[in-house]
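Following: one structure in structure tokens, then a few remarks.
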Amino acid sequence: MSIQQDNISKLVERRASALLGGGPDRIEAQHKKGKMTARERIAMLLDEGSFEEFDMFVQHRCTNFGMEKQHFDGDGVVTGCGTIDGRLVYIFAQDFTVSGGSLSKTMSEKICKVMDMAVRNGAPCIGLNDSGGARIQEGIDALAGYGEIFERNILSSGVVPQISGIFGPCAGGAVYSPALTDFTLMVKNTSYMFLTGPAVVKSVTGEVVTQEELGGAVVHASKSGVAHFAANSEEEGLSTIKKLLSFIPQNNMEEAPIRPTDDPVYRTDDFLNEIVPDNPNKAYDMYYVVRSIVDDGEFFEIHKDFAKNIIVGFAHMNGRSVGIVANQPNMLAGVLDVNASRKAARFVRFCDAFNIPLVTLVDVPGFLCGTQQEYSAIITNGAKLLYAYGEATVPKVTVTLRKSYGGAHIVMSCKQLRGDLNYAWPSSEIAVMGADGAVNVLYAKDMKAAENPEDALQIRARKKKEYEDLFSNPYQAAQKGYIDDVIEPRNTRFRVIRALEQLACKKQDIPAKKHDNLPL
Ligand code: HXC
């Protein structure tokens, strides 16, 4: 064998060994837990044959606790780039078969390298997490590694989309990298995120709780809102990431890809003319409206199980990607509370950062009141949504379907928050508050002074009717130009599409500043 042939077979051998990560036994253990390996996940996520791996031969430099005798090529993370539906992405996938995917300093250097490349080359960065946290033997070096990653998460934010998949443990400070990214996806039963595990929780607070109850996918997707998606399996999780990417651009300088459709722009839906019930206290399903107006009825929902009183997600309208924000009258009457405000604010800011126009469907009776909401800072949290809409410079098209009362009217992308085109259905009620509340405030004295309860009821009914005639319609707002047109509900799809087309080249600035100080 020539020297060159010998060199090549050594390379082939070394690659083959690196591809096995921590070795066949640990791979089998991973499979037994119902989990894929880092490489299997990458292969499933990326277009076939597109993966270009970097740093396959990197090894850790730790010499504590016998680590100098344990070396695995690649050191606990597989990194590189590839394509999804032909579009470039950078990726890192922690390899649990090597030291439990725990983070060494060299591992963080590999991760930081792809994060830097993602920003430099304007492509999304996807992190697949499956790690026991900081590599204990490395001490402060491992913590420094996390710090380097967090700093890059922050600097990349708003420049390239960042997506985190949690496919195993993610505990301690390690949870903060996913929290800094744009979207977090968890897998039910095999992934968890928490600052401290059940054992520490028990010793500190006495609370007995399982891993799943403390930080499983369902908990974070429905209660805390930390996770945007809870997948039933790793396969489903990876295909959700692919789908998500199809709605968003490569970076903050580009537009999302156009998806051609056969769904006619001028398609109307007669049922929309009847969907709002005659009784203003009766609910209806906003999902129907969303699916009716978007291309092919396809809506990709974000945060589906969290704060269900507001709906957010992506769709296409005449092929263009849009972010939909819609109050859901079917859940808590569509009221804005702390969680709904946080959820929608984060989504609006993502869309604005990445040039995705916003379509807002309004049916909101107001902000939820009471001590629980006030103590949870509904003021600050409601202001987040207000701030997000007010600073957004992407095209903003708003349709008011029914109620739009008080502060919540302003928050939901009103004209004065630089809403571009604001439409209302004839069923809209755009006012300071509902008729009952208004009569209680304005005519309390008259009703008290009434000679008997029947008279009081009559005064109430008369004044309520007066108020409804005056305010429970869109025409007060239309007369003043606060909405641009009152539209027939069945025509909503093409009116919104026409508005978006008109706004396609919109340019709007915010005053120069170092950065804003949004209410956190
Ligand atoms: C070094 C680790 C490790 C770690 C796991 N391993 N975690 N090695 N540092 N943090 C190793 C194990 O020794 C084992 O090595 C292999 O990974 C697999 O681990 P197992 O325990 O056998 O797997 P499993 O039973 O599935 O349990 C997984 C686990 C558990 C729940 C993650 O390993 C665990 O509790 N690890 C410690 C978690 C932790 O406390 N990390 C520090 C958090 S603090 P062998 O050679 O036997 O295969 C932190 C601070 C971050 O992360 C701060 C950022 C700012």
Are any of the residues in region 19-35 among the aliphatic types (A, V, I, L, M) and away from the ligand (no atom under 16 Å from the Cβ)?
yes
Filter region 182-206 down to the residues that are closer than 24 Å to Lys304 by Cα and either open to solvent by less than 10 Å² (accessible area, probe 1.4 Å) or more than 15 Å from the ligand (Cβ to nearest atom) (or both) and list them by number.
Asp182, Phe183, Thr184, Leu185, Met186, Val187, Lys188, Ser191, Met193
Filtered residues of region 158-175 (kept if at pLDDT 95 or above and farther than 21 Å from Thr240 by Cβ)
Gly158, Val159
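Identify all residues within region 132-162 that are in contact with a Phe, Trp or Tyr (Cβ under 7 Å, 6 or more places away or on another chain) and among the small types (Gly, Ala, Ser); write none if there are none.
Ala134
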State all residues of region 102-133 that are touching a Pro at 6+ places or on another chain (Cβ under 8 Å) and within 16 Å of the ligand (Cβ to nearest atom); if no residue qualifies, say none.
Gly127, Asn129, Asp130, Ser131, Gly132, Gly133
In region 164-177, which residues are crowded, with 24+ Cβ neighbours inside 10 Å and either charged (D, E, K, R) or assigned to a strand (DSSP E or B) (or both)?
Ser164, Gly165, Ile166, Pro169, Cys170
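Just name the residue that is most open to solvent (accessible area, probe 1.4 Å) out of those in region 458-497 that are in a helix (DSSP H, G or I), of a type in the set (D, E, K, R) and touching a residue at least 60 places away in the same chain (Cβ under 8 Å).
Arg490
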If only one of Val265, Val218 is surrounded by fewer than 16 Cβ atoms within 10 Å (Cβ to Cβ), in a helix (DSSP H, G or I) and of a type in the set (A, V, I, L, M), which one is it?
Val218
Do you know which residues across region 1-30 are in a loop (DSSP other than H, G, I, E, B), open to solvent by less than 50 Å² (accessible area, probe 1.4 Å) and closer than 23 Å to Glu109 by Cβ?
Gly21, Gly22
Would you check if Asp85 is within 16 Å of the ligand (Cβ to nearest atom) and touching a residue at least 60 places away in the same chain (Cβ under 8 Å)?
no
If you go through region 134-163 one residue at a time, how many are open to solvent by less than 10 Å² (accessible area, probe 1.4 Å) and away from the ligand (no atom under 14 Å from the Cβ)?
5
Which condition number does Phe54 fail, the rest of (1) in contact with a Ser or Thr (Cβ under 6 Å, 6 or more places away or on another chain); (2) within 16 Å of the ligand (Cβ to nearest atom) being met?
(2)
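Within region 343-361, track down each residue that is without any contact (Cβ under 8 Å) to a residue 60 or more places away in the chain and of a type in the set (Phe, Trp, Tyr).
Passing the criteria: only Phe347.
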So Ile241 ticks every box in (1) at pLDDT 95 or above; (2) in a loop (DSSP other than H, G, I, E, B); (3) surrounded by 14 or more Cβ atoms within 10 Å (Cβ to Cβ) but one. Which box is left unticked?
(2)
All positions within region 425-457 that are open to solvent by less than 70 Å² (accessible area, probe 1.4 Å) and in a helix (DSSP H, G or I):
Ala435, Gly437, Ala438, Val439, Ala444, Met447, Asp455, Ala456
Looking at the structure I just gave you, is Phe229 of a type in the set (Phe, Trp, Tyr), in contact with a helix residue (DSSP H, G or I) (Cβ under 9 Å, 6 or more places away or on another chain) and in contact (Cβ under 8 Å) with a residue 24 or more places away in the chain?
yes
So, first residue under 16 Å from Phe229 (Cα atoms) in region 161-186, second residue within 15 Å of the ligand (Cβ to nearest atom) and among the charged types (D, E, K, R), Cβ within less than 6 Å, six or more apart or across chains; the pairs are Phe167/Asp130; Gly168/Asp130
Within region 269-303, residues crowded, with 16+ Cβ neighbours inside 10 Å and modelled with pLDDT under 95 come out as Pro280
Phe306 - would you say it is within 25 Å of Gly122 (Cα to Cα) and open to solvent by less than 30 Å² (accessible area, probe 1.4 Å)?
no
For Val119, work out the one condition from (1) among the aliphatic types (A, V, I, L, M); (2) open to solvent by 10 Å² or more (accessible area, probe 1.4 Å); (3) assigned to a strand (DSSP E or B) it doesn't fulfil.
(3)
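The values are calculated or read from the model by the stated rules, or taken from the named source; none is laboratory data. This structure is a prediction, so every number in the text was calculated from the model and none was measured. All Cβ positions, even for glycine, are placed from backbone atoms using ideal geometry, and neighbour counts span all protein chains on display. Accessible surface is based on the protein model in full, side chains and every heavy atom, while ligands, DNA and RNA are left aside. Shrake-Rupley method; radii C 1.70, N 1.55, O 1.52, S 1.80 Å.
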